[in-house]
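To keep things clear, I will list the structure first and then write my remarks on it.
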Amino acid sequence: GPDHLNRGGSAPPIWIIDPVANTWERVPHKNSNDLNPLWTGDDIVFISDRDNVASNLFIYRAADKAVKQLTQEKVWDVRSASLIGDTVVYEVGGRLKELNIKTRSIRELPIHVNAQSVQARPQWKDAASQMTSARLSATGKRVVVTARGEVFTVPTKEGSVRNLTQTSGVREKDGIWSPDGQNVAYIADAGLKHSLIIRDQFGLNRGRSIALDIDNQGGYFTLHAWSPDGRIIIYSDNLLNLYALDAVSGASRIIDNRQRRGRWNVAFSSDSRYLAYAIAGDNYMQRIRIHDFSSGKSVTVTDGLSFADNPVFGGTDYLYFTASINTGPAVVGLDMSSQERPIRKGIYALVLAADGKSPMAPRTGDEADKKEPLKDVASKIKPTKIDFDGLMNRVVSLPVAERNYDSLAVASDGGLFFIERR
């Protein structure tokens, strides 16, 4: 009937049946859901959404057959109610409230449950099975590990395990090393808000807390990298923004924003001037971009016709990355049919300087054919030179079979490491 219009199905009224007289009447009903009727003398208290704001308590007066509203909840629906005498107790927004029908007074009932709560008791847990991240220090002596909401440093050989945080009520995550290995940075959610904490590697002080919410909109943040010179920390938020934070001043700025969800893979050049990262385009294909901290601008360095990812600088000469032309069904990820499709990637190198040489160029093996050291005689970092003009044309394919590669990393001697997933 017309009472059910615009309610998408059932909009039940409340009926009063007299089994002796074999009569029935309907409580005045609008296009609403009426439920949970409760007798109070000859009157009926019930829940209804007829005010089109939220489900509230109403009372049907038998004397004048009129309906009056008892509660004025506007945020949460009244979900259930029970009555004794002139008192109604009802649940709304996860709280219990008490209503006196005669005085119309309402008060919230404080509930304290002293249960056994076995799972909430302090207890020992094996954090090793719940690791969420692990980062090797620059010297390779220790690993910073995030596990079960705590940040640890773990020796690779001799030494002891250190819990830097020891905060059972606070979740810490994304631990990363400073380039000199003296400090650790991580995200903490103390006060129900993510902040960046920088503290010494021994955990002897509380550390420095830096607010990440530059727009006062809240959000979830993820740490990615710390620049080799120690000045810049890269992080991202759940709104798909990539940020650079000045570790000295604590100021942040947005580097880029991606249109598609996915994992940020970033890499600094050895002189900290450039940041390479992968970002998806409108066609879902990722391309590699390089941000210049000197100019504050980013340049796209792959053509966007393949799925490029995992950039990493190889000394001052190359930028290595993976690229694939068969990831289409898998990267969209709309259904399970894409899971069985293999992903095949090649590994490539961009020759950064216009006068640079291919890493695959033959070498004579003569005494003069000696690789340039990363540092010059004065032990200063050699600057990275990138000639963006024609850079897309200086792509070299490395002689490896196409497989599902990721996690590219370059050692201090220039060796390229990567993972093959099967």
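Matching residues to (1) of a type in the set (Phe, Trp, Tyr); (2) under 21 Å from ILE17 (Cβ atoms); (3) open to solvent by less than 70 Å² (accessible area, probe 1.4 Å); (4) out of contact with any Cys (no Cβ under 7 Å at 6 or more places or on another chain):
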{"site": "PHE58", "(1), (2), (3), (4)": "yes, yes, yes, yes"}
{"site": "GLN72", "(1), (2), (3), (4)": "no, no, no, yes"}
{"site": "VAL78", "(1), (2), (3), (4)": "no, no, yes, yes"}
{"site": "ILE84", "(1), (2), (3), (4)": "no, no, no, yes"}
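Among the residues of segment 21-45 satisfying the criterion of being within 43 Å of the chain's Cα centre (by Cα) and outside any loop (DSSP other than H, G, I, E, B), which is farthest from SER80 (Cα to Cα)?
ASP34
Does at least one position in segment 103-121 carry a residue that is within 24 Å of the chain's Cα centre (by Cα) and of a type in the set (Lys, Arg)?
Let us first name the residues in segment 103-121 that are within 24 Å of the chain's Cα centre (by Cα), namely none.
Within segment 103-121, not a single residue is within 24 Å of the chain's Cα centre (by Cα) and of a type in the set (Lys, Arg).
Find the residue count for segment 82-102, including only residues that are in a strand (DSSP E or B) and either acidic (Asp, Glu) or closer than 13 Å to LEU70 by Cα (or both). It would help to see each step written out before you state the result.
Let us first name the residues in segment 82-102 that are in a strand (DSSP E or B), namely 82-84, 87-92, 95-100.
Now restrict to residues that are either acidic (Asp, Glu) or closer than 13 Å to LEU70 by Cα (or both): 87-91, 97-100.
Adding up the residues that qualify gives 9.
So in segment 389-409, with the set limited to residues that are open to solvent by 40 Å² or more (accessible area, probe 1.4 Å), hydrophobic (A, V, I, L, M, F, W, C) and assigned to a strand (DSSP E or B), which one is farthest from VAL351 (Cα to Cα)?
Applying the filter and picking the extreme gives ALA409.
Do we find a residue being under 28 Å from SER270 (Cβ atoms) and basic (Lys, Arg) anywhere in segment 186-196? So that I can check it myself, show each step before the final result.
Narrowing segment 186-196 to residues under 28 Å from SER270 (Cβ atoms): 186-187, 196.
From the residues that got through so far, the ones that are basic (Lys, Arg) too are none.
For segment 186-196, residues under 28 Å from SER270 (Cβ atoms) and basic (Lys, Arg): absent.
For segment 112-121, which residues satisfy the criterion of being part of a loop (DSSP other than H, G, I, E, B) and open to solvent by 100 Å² or more (accessible area, probe 1.4 Å)?
Within segment 112-121, the first condition is being part of a loop (DSSP other than H, G, I, E, B), and the residues that meet it are 112-117, 121.
If the condition is that a residue be part of a loop (DSSP other than H, G, I, E, B) and open to solvent by 100 Å² or more (accessible area, probe 1.4 Å), then HIS112, VAL113, ASN114, GLN116, ARG121 are the ones that fit.
Restrict the check to segment 9-29 and report whether at least one residue is modelled with pLDDT of 85 or more, closer than 20 Å to GLU73 by Cβ, open to solvent by 70 Å² or more (accessible area, probe 1.4 Å) and not polar (S, T, N, Q).
Among the residues of segment 9-29, not one is modelled with pLDDT of 85 or more, closer than 20 Å to GLU73 by Cβ, open to solvent by 70 Å² or more (accessible area, probe 1.4 Å) and not polar (S, T, N, Q), which makes the answer no.
Can you tell me which residue in segment 208-226 is farthest from ALA280 (Cα to Cα), limited to those that are out of contact with any Lys or Arg (no Cβ under 9 Å at 6 or more places or on another chain) and either part of a strand (DSSP E or B) or among the hydroxyl-bearing types (Ser, Thr, Tyr) (or both)?
SER209
Quick one: in segment 251-271, of everything that is of a type in the set (A, V, I, L, M, F, W, C) and over 18 Å from the mean Cα position of the chain (by Cα), which residue is least open to solvent (accessible area, probe 1.4 Å)?
Step one: filter segment 251-271 for residues of a type in the set (A, V, I, L, M, F, W, C), giving 251, 254-255, 264, 266-268.
Applying the additional criterion that residues be over 18 Å from the mean Cα position of the chain (by Cα) yields 251, 267-268.
Numbers: ALA251: 57, ALA267: 12, PHE268: 29 Å².
Restricting to residues being of a type in the set (A, V, I, L, M, F, W, C) and over 18 Å from the mean Cα position of the chain (by Cα), the top hit is ALA267.
Please determine whether any residue of segment 56-76 is free of Cβ contacts under 8 Å to residues at least 40 places away in the same chain, outside any loop (DSSP other than H, G, I, E, B) and within 20 Å of LEU109 (Cβ to Cβ). So that I can check it myself, show each step before the final result.
As a first pass, look at segment 56-76 and keep what is free of Cβ contacts under 8 Å to residues at least 40 places away in the same chain: 56, 58, 61-66, 68-76.
Restricting the remaining residues to those that are outside any loop (DSSP other than H, G, I, E, B) gives 56, 58, 61, 66, 68-69.
Still in the running and within 20 Å of LEU109 (Cβ to Cβ): 56.
There is at least one residue in segment 56-76 that is free of Cβ contacts under 8 Å to residues at least 40 places away in the same chain, outside any loop (DSSP other than H, G, I, E, B) and within 20 Å of LEU109 (Cβ to Cβ).
Does ILE386 count as modelled with pLDDT under 90, assigned to a loop (DSSP other than H, G, I, E, B), surrounded by 12 or more Cβ atoms within 10 Å (Cβ to Cβ) and β-branched (Val, Ile, Thr)?
On the way: modelled with pLDDT under 90: no; assigned to a loop (DSSP other than H, G, I, E, B): yes; surrounded by 12 or more Cβ atoms within 10 Å (Cβ to Cβ): yes; β-branched (Val, Ile, Thr): yes.
No; evaluated as a whole, the condition is false for this residue.
Only residues that are farther than 13 Å from LEU275 by Cα, open to solvent by less than 60 Å² (accessible area, probe 1.4 Å) and touching a Phe, Trp or Tyr at 6+ places or on another chain (Cβ under 9 Å): list them for segment 208-233, please.
Hits for segment 208-233 are LEU212, ASP213, PHE221, THR222, LEU223.
Out of the residues in segment 137-181 that are part of a strand (DSSP E or B) and either of a type in the set (Lys, Arg) or free of Cβ contacts under 8 Å to residues at least 12 places away in the same chain (or both), state the one that is surrounded by the most Cβ atoms within 10 Å (Cβ to Cβ). I'd like the intermediate steps shown before the answer.
To start, the set of residues in segment 137-181 that are part of a strand (DSSP E or B) comprises 142-147, 150-155, 162-163, 172-177.
Filter again for either of a type in the set (Lys, Arg) or free of Cβ contacts under 8 Å to residues at least 12 places away in the same chain (or both), leaving 142, 162, 173.
Working: ARG142: 22, ARG162: 18, LYS173: 20.
Among them, the one singled out is ARG142.
Could you grab me the full set of residues in segment 95-122 that are among the small types (Gly, Ala, Ser) and either in contact with a strand residue (DSSP E or B) (Cβ under 9 Å, 6 or more places away or on another chain) or touching a residue at least 12 places away in the same chain (Cβ under 8 Å) (or both)? Break it down into steps so the answer makes sense when it comes.
Taking segment 95-122 as the starting set, the residues that turn out to be among the small types (Gly, Ala, Ser) are 105, 115, 117, 120.
The one that is among the small types (Gly, Ala, Ser) and either in contact with a strand residue (DSSP E or B) (Cβ under 9 Å, 6 or more places away or on another chain) or touching a residue at least 12 places away in the same chain (Cβ under 8 Å) (or both): SER105.
Filter segment 30-55 down to the residues that are polar (S, T, N, Q), open to solvent by less than 10 Å² (accessible area, probe 1.4 Å) and in contact (Cβ under 8 Å) with a residue 24 or more places away in the chain and list them by number.
Going residue by residue through segment 30-55, those that are polar (S, T, N, Q) are 31-33, 36, 40, 48, 52, 55.
When the remaining residues are screened for being open to solvent by less than 10 Å² (accessible area, probe 1.4 Å), the result is 32, 48.
If the condition is that a residue be polar (S, T, N, Q), open to solvent by less than 10 Å² (accessible area, probe 1.4 Å) and in contact (Cβ under 8 Å) with a residue 24 or more places away in the chain, then SER32 is the only one that fits.
Assigned to a strand (DSSP E or B), within 23 Å of the chain's Cα centre (by Cα) and surrounded by fewer than 18 Cβ atoms within 10 Å (Cβ to Cβ): is that true of SER236 in this structure?
Values: assigned to a strand (DSSP E or B): yes; within 23 Å of the chain's Cα centre (by Cα): yes; surrounded by fewer than 18 Cβ atoms within 10 Å (Cβ to Cβ): no.
Spelling it out, it is not the case that SER236 is assigned to a strand (DSSP E or B), within 23 Å of the chain's Cα centre (by Cα) and surrounded by fewer than 18 Cβ atoms within 10 Å (Cβ to Cβ).
The values are calculated or read from the model by the stated rules, or taken from the named source; none is laboratory data. Quick caveat: nothing in here was measured; it's all calculated off a predicted structure. Cβ sites come from the backbone with ideal geometry, for glycine too, and all protein chains shown count toward neighbours. Side chains included, ligands, DNA and RNA excluded: accessible areas come from the protein's heavy atoms. Shrake-Rupley method; radii C 1.70, N 1.55, O 1.52, S 1.80 Å.
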